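The values are calculated or read from the model by the stated rules, or taken from the named source; none is laboratory data. Just so it is clear, the structure is predicted and the values come from calculations on it, not from any experiment. Every residue, glycine as well, gets a Cβ built from its backbone with ideal geometry; the counts of neighbours run over all protein chains shown.
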Amino acid sequence: MVSLVQKLIAELELIIDEFPELFFVDLIVTRVSGKQIVLVLIDSEVGLSIEMCSLISRKLLSKIEEKSLIEGAFNLEVSSPGIDRPISLPRQFKKNIGRKLEIETLDGETFKGKLKKIEDQKIALYLRERVEIIFLDKIKKAKVLISFN
């Protein structure tokens, strides 16, 4: 049986396919006070406007209603992942080239450095005196470090 999340992702991917600059990051369904909350996270390599989030929200809402995917009251939120959310997709790494990242690997190592490039399922992270090459499938967690200088 196909879950609600799988159904929503399938509809969302069809919508996002209309916009090559967009990519799907995550979809989370929770329940708060008897109401379902659907949080859709999308991103773009060229920046994501409020208008684009609103457009995707309207299109997905139309599909939810047309196909009766959710019964009862629900909230639908479409946004880009915040700077505090970990990054995991190759397109997210590409978008963050030039930024300082903190990478935690599956074997427990932690690296902080500037993301120089991503290619062939690995990233190049510039540390103080060297470059660390890290394969994407060896990354447990990656996040952008906020710089105020």
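For the range 28-48, check the following and say yes or no: at least one residue is on the phi > 0 side of the Ramachandran plot and touching a strand residue (DSSP E or B) at 6+ places or on another chain (Cβ under 9 Å). No, the range 28-48 has no match at all. Considering only residues in the range 117-149 that are in contact (Cβ under 8 Å) with a residue 40 or more places away in the chain and not hydrophobic (A, V, I, L, M, F, W, C), the one that is surrounded by the most Cβ atoms within 10 Å (Cβ to Cβ) turns out to be Lys143. Pairs meeting the criteria (first residue in the range 96-114 and within 12 Å of Ser147 (Cβ to Cβ) and without any contact (Cβ under 8 Å) to a residue 40 or more places away in the chain, second residue basic (Lys, Arg) and assigned to a strand (DSSP E or B), beta carbons under 6 Å, at least 6 apart or on different chains) are Lys114/Lys100. Every condition in (1) at pLDDT below 95; (2) surrounded by 11 or more Cβ atoms within 10 Å (Cβ to Cβ) is met by Val78 except one, and the failing one is (1). Return the residue satisfying two criteria in turn: it lies in the range 72-95 and is more than 27 Å from Lys140 (Cα to Cα) and free of Cβ contacts under 8 Å to residues at least 40 places away in the same chain, and of such residues it is farthest from the chain's Cα centre (by Cα). Among those residues, the one meeting the criterion is Gly72.
Restricting Leu61, Leu8, Leu55, Leu69 to residues that are surrounded by 13 or more Cβ atoms within 10 Å (Cβ to Cβ), touching a residue at least 60 places away in the same chain (Cβ under 8 Å) and in a helix (DSSP H, G or I) narrows the list to Leu8. Ile28 falls short on exactly one of the conditions (1) in a loop (DSSP other than H, G, I, E, B); (2) without any contact (Cβ under 8 Å) to a residue 24 or more places away in the chain, and that condition is (1).
The test for being part of a loop (DSSP other than H, G, I, E, B) and either within 15 Å of Phe74 (Cβ to Cβ) or among the hydrophobic types (A, V, I, L, M, F, W, C) (or both) holds for Val2. Which one is nearest to Ser54 (Cα to Cα) among residues in the range 89-116 that are polar (S, T, N, Q) and buried (at least 16 other Cβ atoms within 10 Å of the Cβ)? Here the residue is Gln92.
Filtered by the rule that a residue be exposed (fewer than 12 other Cβ atoms within 10 Å of the Cβ) and either of a type in the set (S, T, N, Q) or not in a helix (DSSP H, G or I) (or both), the range 42-52 gives Val46, Gly47, Ser49.
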